[in-house]
Every structure is written in C-alpha cells, then in structure tokens.
Amino acid sequence: MTKKSRTAQSDLNPPEKYTGATNTRQSDRQAMMLRMVSSYSIFLFVILVLFVHLYISDSNNARSQFQWQVKSTLMSNVELFETDLEIMEAYCRQLLQDNRVRKLARADGIDSQLFDLGIAVSTTMATDVYPQALLPMTEFFCYFPKSNFVLGSGFFIEETRFYDWIKGYPEEEHENFMEVLTSPSDYYRFIPMNAFRPFSSKNYYMYVINMNDLYYMDLDVVACFILEEEKLSSLFECMESDSPYRYLSVRTAQTDNILSLHTPESAYFDDMITDGMSDEMRDFLESRKMSMDIHTSANTGYTYYYSHPSYDSTTNNAPPQILYAAVFVAALVGGFIIIFMFSRRNIQPIIELDQQLQVTEQEKSSLQEEKSHLEEVMDSQRPIIFNSYVRQFLRGMIVSPEEASYAKEFLGLTGEKLTYNGLYIVAYNSANDYQASPNEFITLEECNQIVRETLAQFLGEPLYFFSPSDRVYAVIVVGRPDDDKDLIIRTNEAVIKLHDYLLDAHGIWLFAGIGKNTDDILNVWESYQQAMDAVNYTSKNYIFFPYEFIKKDSSAFYYPPELSTKLIHFITTGNTPQVLELFNLLHQENIEERALPINMVQFLLSDIRNTLLKARFALPQNTPADVVKSLDETFSQHVSFKLCEDIALQLCNLFSVKTDDSDLISTIEKYIHENYADPSIGLNKISDEFQISESYFSHLFKEKRGVNFSTYLENMRLSEASRLIRETDISLNELYLSVGYNNANTFRRAFKKVYGITPSAMRDG
C-alpha cells in the first residue's frame, strides 16, 4: 500500500478501524522484533557455549598441570630425604668396617689401652668430611651401652661427662636422653631435642640408628645424627611456603611417626592422621584453601603426608578466573545490547551484517587474547619443568630413550650431535671463608639468589641448571665432539671470571669440579658424579678441577653411596643397559685405573654384593620360589666381579618380566585402543598401569609389533582424526582434543607429515 492510498483510506474509514490497523502494524513489528531477537539469541548462545567449553578445557589442563607438578615435587623431595637416610646408614656401615670400632663396641669396660684406641678413632672421625659434605648434619656420635662411653668427632668420653660437661644438657632431662639412646621404639626416628637444647636459638632433631641392624654382628652400638630442623625442612618444598599450615609427616606402614615437621597451627595434624586422612581434616584444609598429598615410597614403604596450598588458592589461578567471569558477563550484556540494536535496525541489513561481522571479530579477538593469556600462564611453568628435566638427567632418573627424546626436545638439545659434561659448583659467603666479605650480613637466601642470577651471564644461555641444596649448583655443560678440551678450558675461564666477579662484588667464593664428557645424555649422571668427586680436590689456589686430573688412589676402592642407590634403582626398573654401564664404570675405576690390591677388591665386591641383596629382598612376592632359590644359591658362590654383574642382570630380568609377552602386548594394545584420546597416555603411564619398566615395554613392543610405541600411538590418533574429518562435522578446534593432542600446532604438523595435507585442506577437499 502506497502513502497516497493509505491517506485516502484513512479519510474513508472510521477512526476505530484506523486505530486497529495501527495496532496490527505495531504487533507485526513486535513479532518481527521477537523473531530477530530469537535468531540472534541462538547465535549468542552458541558463542557462549564455546566460551564455556574453552574455559572448562583450559581450567582442567591448568589443574592437571598443577597436580602433576605437586606430585613431581613431592617425589623429588622424598628421593632427597631417603637418599640422606641411605647415606646415614652407609656411613654407619663404613664405621663398622673399622676393627677398632668393633673392639670398642664389644668392651664391657674401658681401660687405658682401649681409651687410647677410642681417642685414635675420634681423631680419624674429626678428619672425615664424608657425612658433613653429603648430609644436613650438625653433629654425629656413637654410644656404647656396654661401656657407657660416647665416641664422637674429636672426643671419647663417659656418657655422663658427655651429657653434663661436653654438652651441658639439663640434669633433669638426663633420664629422657638415656631412654632415647636405649629404647628400640625410638630407633630410626627423628626425635625432637628441644628439651636437651633449652638455650639454643635453633631446633634440632636426633636420628638414632641401631648399628647392629646393619651387619648383624652382635655389636651393641647406637649411632646418633644431630640435624638442624631448618636444614631438614629445606629438603621439602612444602615447608618453604608462606602458609601457616605447613606440614610434613613421614610414617611407617604401622603409622609410626618417623618425622614430623610442622608449624604451631598445624601441630595437631599428627593426631588427626593417625588412622589416615579424616573428613574433619579434609574440611579443615579446604576451609584454609589447603590440600594434602599422600605418597607411599616404593623404596622404603614410608607414607608421606604433605600439605600445600590448593590449586584454587594459587596466585596464577585467581586472575584468570576473574578475567573469564568479566569477559563472560561483558559478552552476555554486550550480546543482548547488540541483538536489540540489530533488531531495531532490520531495515538496514547491510549495515547490520557489517556490524555483526565486526562484533564477531572482536569477540574472536577477545577469546584469542584470553587463550594467549592462558598459554602465557602455562609457559610460566616451563622453567620449573625445565629444571626438573635437568635434575632427572643428572641423577639418572630418566632411563628410557623415549622419555629422554621428549626431554631433550623440551630442553632444545635436538639436532646436531652433542656432548655433555656434569659441572658441580659450591659457593661460600661466610666472613670466615678465606677472606672477609664486603657485605658481612649477606644471608644464605641472598647468596643463592645472587649466584643463580649470575650463572647464566658467565656460562651462557640456555643454562641447564638446578640447585641440589643451598650454595650448591649443578649444571649440564653442552658442547660438540670436536671441542672437548676447548670446552673444559672455556668452562674453566668462565668459572674463574664468575668467581672473581662474585668475590669482588659480594665476597662469595666459588669452587667447581667438572666430569668427563659423554655423547649420551642418559649417561650424564656419571659425569655429574665425577664432578662431585672432583670438587673435593679444589683449594684456594685451584678453584676449578677437572675429574681427569685426579690421581687415582689404589689404596681405596671407588663405590660411593650414590652409585649403590643408582644400581638398586636401575635393577628395580629393569634397566639393563644402565646396569651394564654402571658395572663398566666400576670396573674401569677400580680395576683398570686403580689396579686395586686383592683385599680392596674383596671389600669392593662385598659392598656390591650387599647392594644386590637389597634388590633381591625387594623382588615381587609373586616371583617363582624355584627362581628365588636358584638366585640365593648364586649368592652363596665365590664372589667375583663377573658373578655380581650376572646376579644384577638376573635381578633386572625378574623385575621386568611379569607375564607372557604376547598376552601382555595384546592387553596393552586393547588398553591403547580404549584410551588413545587421553593426552597423558605414554610410556610412563603404561609402565605404571601394567607394572613393567619403560625400557622393557619399549623394547618388547617394537619386537612384537615391528614399530615404536610412540609411532603406533600417533598413527592410531591420526587415523581416527582422518575418519572424523571425513564422516563427521566436528570442529577443527575440537578435533585435536578428541584424539588426544594437547596442542593444535603439534597436531597439524603430525597430520601433515602423515597425510601430506592439513586437516582443513582434507575437509575442503
């Protein structure tokens, strides 16, 4: 109807009809507005659903990463702690090898001759830096119940004189002190010494070992290690947080408390977890935004209760949550405003469409910015993971080639052939160390911070570094096969420049040792061990010492406690190549380079045999009895280097083989088919799920299926992705997640490598 006709109609019709037409037009406009609002609302709803999906996905990934990091940290702390326990036992065994100590232990009384013998032993202990260098120990002494004498570094004295005169402990606490030394219920526990050190500004623990349990030689000797609470706490990162509810408890399978570190606010946790984690404790921790992880060590059977701030309380979580909420509200409100505006201006479809496209692009840009922000948050965790891989390589914790390949890619060590050296650096900043410090009030924390910040300046980037303890720094020095000697010279020059700078600026002395190079990063732990040995040869005039310059002592064998620990680890994980490598190292160091006399060789073989006995008693309970009997008969044969190596390889096989190979691979294949979409599936998860070593599974899978596990898994995921592209309309942004990839770029690269085109190109084609 034209304007002219409408005017004419209005003149002919009554006002009532005209009003009715107007109402109809208004009703039509309202209906049109409602239809347009409904249409646009569907579009807004889809965008918001995608936004919520992105938020949930990224939040779950961040939470999983946080939980993995906490678990990794706890396991690393447990390893450090249990290594110290093993070192303390090893030192006690070393003492028991001394005939003089055994003679003192068996004496019912001390005459002048035995007293002189005790003084001689105490003098020897005063020059022994072995325990002090490896343990957070303040003092060590032995108590002989038969003679009631105490032997320590520089003293051999009656127990009453030791308690009253040497230590000056309160007389009223003497009975409690003797109860600790003589009560088996206090052995292998960390006993607080607050009562015995009332005037000390620091808290101490006494760890008591019944030395008769070590060799079963009917020797009545009690070893006591005095450790500072602060140094014990430094072994566990949970005790370094700012939370007032810091707590760590180490308990046996019978819930006996081995060690308890806590703040006053968390002291009552000890009573609450006697029978395990209670609902009351979980509610208490949740109200304080705290969590508690529980880990049982496979090595000792100890259970560790470890409190830490919960994921929801972390500083890197709250800002993304607030930001997502703000963006969601803004998108919701803005979306409805836009819908209303578009609906009212429906007579301008081109303008509306343009505006719609602009707003859509803005929303996409906003979502992309939020995604980038989340990726930045994830990237902030890279240094922690970076240092963790370096630590695992230097301590021989990475054993499988697949895991090593992934770690090397993460560290940027791929490409050309490289060599690796372990570098071990020790710092001193005390005013009593060599010369007065320009800043006599520099703290231990400040010293560590200063050295960490300057290491990269002088040693170069990237710096493959971690700190095993305070004032100690471990570095992987990376070079090329053709510059082996030049590398050591350059490292020496860099360390000297770093030392000169720190000495002039902060009064900090550095001492460094470097091990031999290796072309396999899986063996860099050997070089690291050599570097730790080499640093013992440094002095004021020789602050840098290469291991190859050490003159080998043929009067003592080479078998440090760390190698014993590694041997047990390699055996129990079924890592045959590393077991062979370790025995090659022992043979080279002791037989080829030192040419040990026969008595020293016998002592060495005895220690190796004792290590293998530990691994034998750790065999699974389902190991066939006839196999165990045969193995025990092998132990009774005349000990030799070859026999020890054969026993170690037998134990390796027993730990790695647990079921029929064909049935096992078929079962694992079925598991992979059912769980390929899980991003966390890998050698480590397969190993944990089926209780086999990573190296054994990798070798067995390649043997049975003719392809590496990683290639098999990747082909399965990409085949499923190809099917989804061809048969479904799944979004490409969701596709990579549905087949088990965490990163879209990684998925696209793998897809193009196999099919020659990108996923989007396959869909378009």
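Only the coordinates and a few stated rules stand behind these numbers; no lab work does. Values in this document were obtained by computation on a predicted structure and should not be read as measured data. A quick note on method: Cβ atoms are made from the backbone with ideal geometry, for glycine too, and the neighbour counts reach across all protein chains shown.
Starting from the Cα of M272, step 7 Å along the direction of its Cβ; do the same at D293; then give the gap between the two resulting points in nm.
2.0 nm
What residues have an amide H closer than 5 Å to that of S291, excluding those fewer than 5 places away on the same chain, when H is modeled at 1.01 Å from N in the peptide plane?
Residues meeting the criterion, in which the H sits 1.01 Å from N, are H308, S310.
With θ taken as phi - 60° and the coefficients 6.51, -1.76 and 1.60, list the Karplus ³J(HN,Hα) couplings across region 153-164 in order, rounded to whole Hz; mark glycine and proline as x.
6, x, 8, 9, 8, 4, 5, 5, 5, 4, 5, 8
Can you flag which of K497/K566; K202/K289; K642/K685; K497/K540; K417/K704; K231/K685 are past 26 Å Cα-Cα?
Where the Cα-Cα span goes over 26 Å, the pairs concerned are K497/K566; K202/K289; K642/K685; K417/K704; K231/K685.
Which order do the peptides 203-211, 63-71 take when ranked by the mean count of other beta-carbon atoms within 10 Å per residue, highest first?
Most protected by this proxy first, the peptides run 203-211, 63-71.
Hey, what do the phi angles of region 452-468 turn into as Karplus ³J(HN,Hα) couplings, whole Hz, using 6.51/-1.76/1.60 and θ = phi - 60°, x for Gly and Pro?
Ordered by residue, 3J(HN,Hα) equals 4, 6, 9, 4, 5, 5, 9, 9, x, 10, x, 9, 8, 9, 8, 10, x Hz.
Add +1 for every Lys or Arg and -1 for every Asp or Glu among the other residues with Cβ under 12 Å from the Cβ of Y304, and state the total.
-1
Under 4 °C and 1.567 mPa s, how fast does region 411-549 diffuse according to Stokes-Einstein, given a Kirkwood radius computed over C-alpha pairs? Answer in µm²/s, whole number.
85 µm²/s
What is the calculated FRET efficiency for S41 to A456, with r their C-beta to C-beta distance and R₀ = 60 Å, to the nearest 0.05? Present the calculation step by step, with values, prior to reporting the outcome.
Numbers: r = 55 Å, r/R0 = 0.91.
With R0 = 60 Å, the Cβ-Cβ based efficiency is 0.65.
Listed highest first by mean packing, meaning other Cβ atoms within 10 Å per residue, what order do 108-121, 147-160 come in? Before the final figure, lay out each step's value.
Values: 108-121: 14.0, 147-160: 18.7.
My ranking of the peptides, most packed first, is 147-160, 108-121.
On a full-extension model of 0.36 nm per residue, what is the gain between R763 and K670, subtracting their alpha-carbon distance, rounded to one decimal in nm?
In short, 30.5 nm is gained.
Given R₀ = 22 Å, FRET efficiency for A133-E445 by Cβ-Cβ distance, to 0.05?
0.55
Could you check the spin-label model distance between Q588 and I166? Points 7 Å from the Cα along Cα→Cβ, value in nm.
4.3 nm
Can you give the FRET efficiency for R382 and I550, using 1/(1 + (r/R0)^6), R0 = 35 Å, r = Cβ-Cβ distance, to the nearest 0.05?
For R0 = 35 Å, the calculated efficiency reads 0.40.
Contour minus end-to-end for K146 and N212, with contour as 0.36 nm per residue of separation and end-to-end as the Cα-Cα distance?
22.4 nm
For A326 and E703, calculate 0.36 nm times their separation in residues minus their Cα-Cα distance, and state this gained length in nm to one decimal.
Gain on stretching A326 to E703: 130.3 nm.
Take the Cα of K753, step 7 Å along the line toward its Cβ, and report every residue of region 392-418 whose backbone nitrogen sits under 15 Å from that point.
Backbone N within reach: 402-403, 405-410, 414-415.
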